[in-house]
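Written below as structure tokens is the structure these notes are about.
The values are calculated or read from the model by the stated rules, or taken from the named source; none is laboratory data. The structure displayed is predicted, hence computed values, not measured ones. FYI the Cβ positions are ideal-geometry reconstructions off the backbone, even for glycines, and counts take in every protein chain you see. Side chains are part of the model used for accessible areas, which takes the heavy atoms of the whole protein and leaves out ligands, DNA and RNA. Shrake-Rupley method; radii C 1.70, N 1.55, O 1.52, S 1.80 Å.
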Amino acid sequence: MAPSLSEPFSDSSVLIDFVINQGNGVKGLSEMGLKALPKQYIQPLEERMCMTNVQAQESIPIIDMSNPNDPEVEKSICEAASKWGFFQIVNHDVPVEVLENVKNATYKFFGLAAEVKNKYSKEHSLSNNVRFGTSFTPQAEKALEWKDYLSLFYVSEEEAFALWPSVCREQVLDYMRKSEVVIKQLLKVLMKGLNVNEIDETKESLLMGSMRANLNYYPKCPNPELTVGVGRHSDVSTLTILLQDEIGGLFVRGNDGDNWIHVPPIKGSLVINVGDALQIMSNGKYKSVEHRVVANGSNNRISVPIFVNPRPSDMIGSLPELIENGEKPIYKQVLYSDYVKHFFRKAHDGKKTVAFAEL
């Protein structure tokens, strides 16, 4: 039951019921044709995107992966991970039709009726590994974010076939499978840049022992300048592989710390970013950088990140190879699941999570 349109959401409990409990999400709000943004989404001034702080002439590196073993390509990848924390790759090994299929499947999932999507919500999902939700951590946020998502933590093909929504299951699995080649190429190069020349099974499972895909939906928004699609944060992953559509809206913190750089959509490209786990394991050589997504007043936007992570039971810290080579560790060993819980316990707050692991 949609609230009346005069002053529909002055009462927060009515909004929470409509958006979260009934599974309408912000997509449901967007489709009501609201003339003004509900007050629960109005961000404090310091969290809104100020377009005067955007460096229009700057862009993150774009790296051609057609020959990933070329020493110049390897050098570009390590430099991008050290200096920017973000780069785009083109001519990689993930077929364009796989990317198109997963984008179409994302639209299909979010096009389902609210009561169908709601079967995958925190309250109703059969597993913590499958979660439909909205915003980031609504119970911890002073202001909500203008985004709905479906989060799919990969355990096995059997579990995915049993529990993931049928409308997007095969397309997401295919995207994850095909991306694995690229993930391994990138991690091999990044480890080589740290003089870790062999990735054995133990090291591979530490770097990429678990994976999660998110289908993100950012619907059209009234007063987009007053809210955010996603607030300032860095990822807790080893690496994030992001497929974005043609709309744009992802911004990355620039090297000078005050400005933001837009990551322009390039058809067929993937955006790669270093996560906190890799910053910690590289002893700070590779940078996990703050990023955010703005809301859009005229278009719906989707994105599909794959988060490549250690396993929850892994201890992460500065890699022993680096310490044996005489580097002073700047991070302690922390249980990865504790690190992730710390991240999800609070609202997005820039780069503060990584302090949890500092010595």
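Here are the numbers:
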read-out	value
Only one of Y339, Y286 that is part of a loop (DSSP other than H, G, I, E, B), in contact (Cβ under 8 Å) with a residue 12 or more places away in the chain and open to solvent by less than 10 Å² (accessible area, probe 1.4 Å)	Y286
Matching residues, the range 63-117, being closer than 25 Å to D174 by Cβ and of a type in the set (S, T, Y)	S66, T106, Y107
Residue within the range 312-331 that is part of a strand (DSSP E or B) and open to solvent by 50 Å² or more (accessible area, probe 1.4 Å) present	yes
Residues (of a type in the set (A, V, I, L, M), over 28 Å from L359 (Cβ atoms) and not in a strand (DSSP E or B)) located in the range 243-281	I247, V263, I266
One residue from Y107, Y120 being more than 16 Å from G268 (Cα to Cα), of a type in the set (F, W, Y) and surrounded by 17 or more Cβ atoms within 10 Å (Cβ to Cβ)	Y120
The range 251-277: number of residues that are charged (D, E, K, R) and either in contact with a His (Cβ under 7 Å, 6 or more places away or on another chain) or under 23 Å from Q185 (Cβ atoms) (or both)	3
Hey, E198 in a loop (DSSP other than H, G, I, E, B) and either open to solvent by less than 10 Å² (accessible area, probe 1.4 Å) or more than 30 Å from Q43 (Cβ to Cβ) (or both) or not	yes
Residue check for G297: open to solvent by 40 Å² or more (accessible area, probe 1.4 Å), farther than 29 Å from E97 by Cβ and free of Cβ contacts under 8 Å to residues at least 24 places away in the same chain	no
Which listed residue is of a type outside the set (V, I, T) and either at pLDDT below 90 or closer than 30 Å to N223 by Cβ (or both), from E72, E46, E100	E46
Hits in the range 208-242 - residues which are in contact with a Lys or Arg (Cβ under 7 Å, 6 or more places away or on another chain), part of a strand (DSSP E or B) and hydrophobic (A, V, I, L, M, F, W, C)	V230
The range 140-179: number of residues that are crowded, with 20+ Cβ neighbours inside 10 Å, out of contact with any strand residue (DSSP E or B) (no Cβ under 7 Å at 6 or more places or on another chain) and either over 23 Å from V94 (Cβ atoms) or of a type in the set (D, E) (or both)	1
Filtered residues of the range 57-67 (kept if under 24 Å from the mean Cα position of the chain (by Cα) and part of a loop (DSSP other than H, G, I, E, B))	E58, S59, I60, P61, M65
Inter-residue pairs, beta-carbon under 6 Å, first more than 19 Å from S125 (Cβ to Cβ) and in the range 162-188, second open to solvent by less than 40 Å² (accessible area, probe 1.4 Å) and modelled with pLDDT under 95, 6+ apart	Q185/P68
